[in-house]
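Asks: There's a structure below that I have some questions on.
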Amino acid sequence: MKLNLIRPLAFFDLETTGVNVGADRIVEISILKAMPDGLELVKTLRINPEMPIPLQSSVIHGIYEEHILNEPTFKAVAKEIADFIGDSDLAGYNSNRFDIPVLLEEFLRAGVDFDMNDRKFVDVQNIFHQMEQRTLRAAYKFYCDKDIVNAHSAEADITATYHVLLAQIERYKDADFEDKQGNISKPVQNDVDALHAFSNMNKPVDFAGRMVFNEEEQEIFNFGKHKGKTVEQVFDIEPSYYSWMKQGDFPLYTKKKLTEIWERWNKKKEALKQEKKEHEKGLVNPAAKPVNHHPSQLSTSSKPAQNQSRPQFIPKKESKSVDVTNDMLEQLKMKFGK
């Protein structure tokens, strides 16, 4: 069968010096680019990691230091890899948790801005683990009834991954899946959007899993003392947490996404401050302020006419009227001789 694609889907696999996303380096990368017309393009590169390859890692993937001494560094081939992938969606086996974050770290070290916006990510392992819960070797045997030849080489593994996805789509196209909330759906479809949604149920923000999206599409921390809190909420109560993470041993892409949220949070704060200033400014109306004028500055239209020509006098309090009697008149005549 052929994948139903609108744009290319790049399956890729990495062999590395170890499993530390932030510290370990790529020693081999293989990309199988499935085109919408059915064409398959493959690119495989050995990489000099510029650091020792631990023996335990070499035993697994079979790449020893003598194999990569004369190979190019990732920085030397970063643009070639980015151009080959182009605007493809990405797919792999355990790619969301390991291959994608490791590749992003290498691109950032090399100074290549590999845009992750609007890409879809199909993690075949997530589909497999949710439907059958097995390893890649078992998946290939289970779905394709074949054994992987030269297992743990990047090209063999990614070819097996590609064929496992094709078999998964065929096998589960009408299969029901019940999620933790009891919702039943048929999620495994020959459609990258549907596969992206089903294999990214944890909704990672940074792929290393330090931050994920909650049901409201808000970024929340997925580790440590602030696990479950939104990133912006933590910035509100403990802004120094941003500096601690920026200086800590976290993947570069985690720090990049954290900075994007930090800058967005700061813009919101500045907007709120400006809005508050504008509100306070609007409450104070200069025209409503009382003005104290000197008496000579008052216009005649604002004062009564009599107040302009003479001073005002306070009238005396009227005395209580008394009735005059004949006896009172006689007493007055005797007093004044009248």
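The values are calculated or read from the model by the stated rules, or taken from the named source; none is laboratory data. Since we're looking at a predicted model, the values are computed, not measured. Heads up, the Cβs are rebuilt from the backbone with ideal geometry, glycines too, and the neighbour counts pull from every protein chain shown.
Asks: Could you tell me which numbered condition VAL212 fails, if it satisfies all but one of (1) among the hydrophobic types (A, V, I, L, M, F, W, C); (2) in a loop (DSSP other than H, G, I, E, B); (3) under 30 Å from GLN168 (Cα atoms)?
Replies: (2)
Asks: Moving on. Need pairs with beta-carbon distance below 9 Å; first residue under 18 Å from ASP123 (Cα atoms) and surrounded by 15 or more Cβ atoms within 10 Å (Cβ to Cβ) and within the stretch 142-160, second modelled with pLDDT under 95 and of a type in the set (Ser, Thr, Tyr); sequence gap 6+ or separate chains.
Replies: If the second residue must be modelled with pLDDT under 95 and of a type in the set (Ser, Thr, Tyr), the pairs left are ALA160/TYR140.
Asks: Out of (1) within 27 Å of ALA78 (Cβ to Cβ); (2) of a type in the set (A, V, I, L, M, F, W, C); (3) surrounded by fewer than 19 Cβ atoms within 10 Å (Cβ to Cβ), the odd one out for VAL192 is which?
Replies: Unmet for VAL192, out of (1) within 27 Å of ALA78 (Cβ to Cβ); (2) of a type in the set (A, V, I, L, M, F, W, C); (3) surrounded by fewer than 19 Cβ atoms within 10 Å (Cβ to Cβ): (3).
Asks: For the stretch 9-60, what are the residues that are without any contact (Cβ under 8 Å) to a residue 40 or more places away in the chain, touching a helix residue (DSSP H, G or I) at 6+ places or on another chain (Cβ under 7 Å) and of a type in the set (Gly, Ala, Ser)?
Replies: GLY18
Asks: With the checklist (1) assigned to a loop (DSSP other than H, G, I, E, B); (2) farther than 27 Å from TYR253 by Cβ in hand, flag the one item ARG171 doesn't pass.
Replies: (1)
Asks: Can you tell me which residues in the stretch 87-131 are β-branched (Val, Ile, Thr) and either over 22 Å from THR17 (Cβ atoms) or not assigned by TED's automatic domain parsing to the domain that holds LEU165 (or both)? Spell out how you get there, then give the answer.
Replies: Of the stretch 87-131, the ones β-branched (Val, Ile, Thr) are 100, 102, 112, 122, 124, 127.
Passing the criteria: VAL122, VAL124, ILE127.
Asks: Give the residues of the stretch 204-216 that are within 13 Å of the chain's Cα centre (by Cα) and in contact (Cβ under 8 Å) with a residue 12 or more places away in the chain, sorted by residue number.
Replies: PRO204, VAL205, ASP206, PHE207, GLY209, ARG210, MET211, ASN214
Asks: Further question: Filter the stretch 250-288 for residues that are at pLDDT 90 or above and of a type in the set (Asp, Glu); which is surrounded by the most Cβ atoms within 10 Å (Cβ to Cβ)?
Replies: GLU260
Asks: Within the stretch 80-111, can you find the residues that are more than 25 Å from LEU166 (Cβ to Cβ) and either in contact with a helix residue (DSSP H, G or I) (Cβ under 8 Å, 6 or more places away or on another chain) or assigned to a loop (DSSP other than H, G, I, E, B) (or both)?
Replies: ALA82, PRO101, LEU104, GLU105, GLU106, PHE107, LEU108, ARG109, ALA110, GLY111 - these are the residues of the stretch 80-111 that are more than 25 Å from LEU166 (Cβ to Cβ) and either in contact with a helix residue (DSSP H, G or I) (Cβ under 8 Å, 6 or more places away or on another chain) or assigned to a loop (DSSP other than H, G, I, E, B) (or both).
Asks: Next question. Would you mind finding the one in LEU69, LEU9, LEU5 that is buried (at least 19 other Cβ atoms within 10 Å of the Cβ), more than 25 Å from THR254 (Cβ to Cβ) and hydrophobic (A, V, I, L, M, F, W, C)?
Replies: Exactly one residue qualifies, and that residue is LEU9.
Asks: Yes or no: VAL77 over 24 Å from the mean Cα position of the chain (by Cα), of a type outside the set (Asp, Glu) and modelled with pLDDT under 95?
Replies: Against the criterion (over 24 Å from the mean Cα position of the chain (by Cα), of a type outside the set (Asp, Glu) and modelled with pLDDT under 95), VAL77 does not qualify.
Asks: Looking at the stretch 107-123 only, could you name the residues that are surrounded by 24 or more Cβ atoms within 10 Å (Cβ to Cβ) and either of a type in the set (Gly, Ala, Ser) or in contact with a Phe, Trp or Tyr (Cβ under 8 Å, 6 or more places away or on another chain) (or both)?
Replies: ASP123
Asks: Given the criteria outside any helix (DSSP H, G or I), within 15 Å of LEU32 (Cβ to Cβ) and not acidic (Asp, Glu), does ILE158 qualify?
Replies: no
Asks: In the stretch 25-47, which residues are surrounded by fewer than 21 Cβ atoms within 10 Å (Cβ to Cβ) and not hydroxyl-bearing (Ser, Thr, Tyr)?
Replies: Within the stretch 25-47, LYS33, MET35, PRO36, ASP37, GLY38, LEU39, GLU40, LEU41, VAL42, LYS43, LEU45, ARG46 qualify.
Asks: Right, something else. Does the stretch 188-196 contain at least one residue that is acidic (Asp, Glu) and over 22 Å from the mean Cα position of the chain (by Cα)?
Replies: Within the stretch 188-196 (the criterion being acidic (Asp, Glu) and over 22 Å from the mean Cα position of the chain (by Cα)), the answer is yes, since at least one residue qualifies.
Asks: Within the stretch 1-37, how many residues turn out to be among the acidic types (Asp, Glu), more than 28 Å from the chain's Cα centre (by Cα) and not in a strand (DSSP E or B)?
Replies: 1
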